[in-house]
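Here's the structure, in structure tokens; my notes come after.
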Amino acid sequence: MYRSGSDPFTIARGAMVDRLAAAGGFSRTVLDAMERVPRHLFVSEALRFRAYEDVSLPIGHGQTITKPTTVARMVQALDLRGGERVLEIGTGSGYQAAVLSELAGHVDTCERIGELYARARDTLLFDLGRTNVTLVHSGDFSSPGGPYDGIIVAAVAQDLPDGLFDVLVDGGSLVIPVAGNRGQSIRRYVKSNGRLFEDELGRARFVPLVSPMR
Ligand code: SAH
């Protein structure tokens, strides 16, 4: 298949998207967005040759870039049509924020570790010239804007951060990995008429969400 784009990783990125497509369950819109985002720019040069494998990779400070299938699953769960306001807690490398920014109107993303925040800001704003992403250096779930049509928490929670539901619009979805007795599972909460409806999106392995209370 012909691939547009002209960086040295175009073919590897296309192969990653083909594998996601073959796995099934992802919309063409999400797959196309992932084909447009140069994931290799979100990892260190030493790890670039692995950037299009379906693995999470270290990004420093004990944190990891989320693996592509998990990003695809979480982003897909928001069912974005364009124009939405989205909040991400846990910027990490900024990769998932880049994918979200392809699909939503505006993305606010918060990261508690200053160096990761600064690196993600450089990649998203300066290298990739994103104008619809606001990066925030914070770890207390404070959100710069809102309310949000979609929220993704990119780290595993022990308890649900209740305050996040207050900044979710009615009809909006919050996607969050939660720790349980049988390991981690990704859950989606849809707010409807003030009530929350929950479904499970599968299993995952995330670094811990650091609660501001502790
Ligand atoms: N989706 C990211 C990966 C995130 S890893 C990517 O694509 O690269 C999870 C990130 O959440 C880590 O960088 C960690 O520092 C951050 N984090 C953990 N608890 C947080 C909190 N309370 N607020 C903001 N960021 C948090």
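Since every read-out is calculated from the coordinates, none of them should be taken as a lab result. The structure displayed is predicted, hence computed values, not measured ones. Note that each Cβ is placed from the backbone with ideal geometry, even for glycine, and that neighbours are counted across all protein chains shown.
Calculate, for SER142 and VAL169, the FRET efficiency according to 1/(1 + (r/R0)^6) with r their C-beta to C-beta distance and R0 25 Å; round to the nearest 0.05.
0.90
Roughly what would the spin-label model give for GLU45 and ALA21, points 7 Å off Cα along C-beta, in nm?
Roughly 3.3 nm, to one decimal.
Multiply the residue gap between GLU115 and ARG81 by 0.36 nm, knock off their C-alpha separation, and tell me the result in nm, one decimal place.
Result: 9.0 nm gained on full extension.
Which log10 I(q)/I(0) values, to two decimals, does segment 4-203 give at q = 0.10, 0.12, 0.14, 0.17 Å⁻¹ under the Debye formula with one point per Cα?
Cα-only, vacuum Debye calculation for segment 4-203: -0.38, -0.55, -0.77, -1.18.
In nanometres, what is the gap between the two model label sites at ARG36 and SER211, each 7 Å from Cα along Cα-to-Cβ?
So the two model labels end up 3.9 nm from each other.
Select from PRO212, PHE197, HIS61 the residue farthest towards the positive end of the dipole of the chain; place +1 on Cβ of Lys and Arg, -1 on Cβ of Asp and Glu, and compute about the Cα centre.
Farthest towards the positive end: HIS61.
If you put +1 on each Lys and Arg Cβ and -1 on each Asp and Glu Cβ, how big is the dipole of the chain around its Cα centre, in Debye rounded to 20?
Details: 24 positive and 25 negative charges, 99 e Å.
In total the dipole reaches around 480 debye.
If you count the DSSP beta bridges with both ends in the chain, what percent of them are antiparallel, to the nearest 5? Write down the numbers at each step before the final one.
Working: 19 of 39 bridges.
The antiparallel proportion sits near 50 percent.
For the chain, calculate the relative contact order in percent as a whole number, restricting contacts to Cα pairs under 8 Å that are 6 or more residues apart.
15
Each label point is 7 Å from the Cα along the Cα-to-Cβ direction; what then is the distance between the points at LEU125 and ARG182, in nm?
Placing both labels 7 Å along Cα→Cβ, they lie 4.4 nm apart.
Return the calculated 222 nm mean residue ellipticity for the chain, to the nearest 500 deg cm²/dmol, obtained by summing -39500 (n - 2.57) across DSSP H runs with n ≥ 4 and dividing by the residue count. Numbers along the way, then the final one.
On the way: 6 runs with 55 residues, N = 214.
Rounded to the nearest 500, it is -7500 deg cm²/dmol.
Before anything else, pin down the relative contact order of segment 5-130: Cα pairs under 8 Å, at least 6 apart, normalised by residue count, whole percent.
Working: 160 pairs, mean separation 25.9, N = 126.
Dividing the mean separation by the residue count of segment 5-130 yields 21 percent.
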